[in-house]
Structures are given as structure tokens and as C-alpha cells.
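First the structure, then my questions, so here it is.
Readers should treat all values here as calculations from the given coordinates under stated rules, not as data from a laboratory. Everything numeric here is computed off the predicted structure, so don't read it as measured data. Neighbour counts run over all protein chains shown; Cβ positions are idealised from the backbone, glycine included.
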Amino acid sequence: MSQGYSLYTHFPPISKAKRGEFRQSVARAFGDKPALEGSISVSIIVNPPSEFSAEIAHVIDAVIDAIKLAGVIGNGSRIDAISMERGLHRPGGGVLIRAQVGRQERTDWRNAA
């Protein structure tokens, strides 16, 4: 099994100016775990706050910024694969983040967490 981390957290704000709290909460959640090194893949499942939430593209930037700030990705590492899927809507929304060394196998985990 590849080395990696998973986290389910709240839905990030659309506004870049308001993403600081999201980045900080992700950094706190990952704590002081060692950074992943090498080729990294990131998978994101988005549970939008309502079934009418149309825009989820901002989530990729918010998640990548947050995991870099958290130190999940080492300085010499690179992200070689990013995947994102829309899951079921949940009140308040949420995001499942998986980052691991190497490529992830496709799994149907939209209803996780």
C-alpha cells in the first residue's frame, strides 16, 4: 500500500480572500505528519452544500493550496495526478481529500465519510 493521507473537511469558500480559514483547518488536521515525497496523486470528492451548487471548480485550487501549506507535499515532490468528482450534496458541504505517493486506483468512494 502506498504512503498517503485522507481527510474529510468542510466545503471551502468560493472567494479566494476567504480561504485562509480553510487552509488553516486543513493544516491543523494534518498536524505534523511527515511530508509525502516523490510523485504525488491527489483525489478529491466534493459534497456540495446543496444539490443546486453548480460551481465546484474552485475546490481544486483551495485543496492544493491547503495541502501545500500543511506540508503534506514535500519540497522536492510534484503532483502528477489530480482527480475530482462531485459526490452527493450534504448540508454545509464537505470535501474528501486523499493524497498519496504514486497513482491511486480508481475507486467509487463518492459516499465516503
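What list of ³J(HN,Hα) values in whole Hz, one per residue of region 3-15 in order, does the Karplus curve 6.51 cos²θ - 1.76 cosθ + 1.60 (θ = phi - 60°) give from phi, with Gly and Pro shown as x?
Taking θ as phi minus 60°, the curve returns 6, x, 9, 10, 8, 10, 9, 5, 5, x, x, 5, 5 Hz for region 3-15.
Summing +1 for each Lys or Arg and -1 for each Asp or Glu, what net charge is found among the other residues whose Cβ lies under 13 Å from the Cβ of Pro13?
My count for the surroundings of Pro13 gives 0.
Test of the criteria: in region 1-101, which GluC sites (Glu not before Pro) are in a DSSP loop and have at most 10 other Cβ atoms within 10 angstrom of their Cβ?
Glu51, Glu55
OK, next. Please compute, for the alpha-carbon atoms of the chain, the extent along each of the three principal axes and give them in descending order in Å.
39, 31, 20
Return Val42, Val101 ranked ascending by Cβ neighbour count within 10 Å, so the fewest neighbours appear first.
Taking fewest neighbouring Cβ atoms as first place, the list is Val101, Val42.
How high is the relative contact order of the chain, in percent, with contacts defined as C-alpha pairs under 8 Å that are six or more residues apart?
44 percent
Let me ask another. Show the residues, 5+ positions off or on another chain, whose built amide H is closer than 5 Å to the amide H of Gly94.
Phe11, Asn47
From the phi angles alone, apply the Karplus equation (6.51, -1.76, 1.60; θ = phi - 60°) to region 88-99 and give each ³J(HN,Hα) in whole Hz, x where the residue is Gly or Pro.
The phi angles translate into 6, 6, 9, x, x, x, x, 9, 9, 10, 10, 10 Hz.
Based on other C-beta atoms within 10 Å, arrange Arg19, Arg90 from fewest to most.
Least to most surrounded, the residues fall as Arg90, Arg19.
Can you work out ³J(HN,Hα) from phi for every residue in region 72-83, in order, using Karplus 6.51 cos²θ - 1.76 cosθ + 1.60 and θ = phi - 60°, giving whole Hz and x for Gly and Pro?
Ordered by residue, 3J(HN,Hα) equals 5, 9, x, 4, x, 8, 9, 8, 9, 8, 10, 10 Hz.
Would you calculate, for the chain, the mean residue ellipticity at 222 nm contributed by helices, counting each DSSP H stretch of 4 or more residues as -39,500 (n - 2.57) and dividing by all residues, to the nearest 500?
It comes out at -6000 deg cm²/dmol, rounded to the nearest 500.
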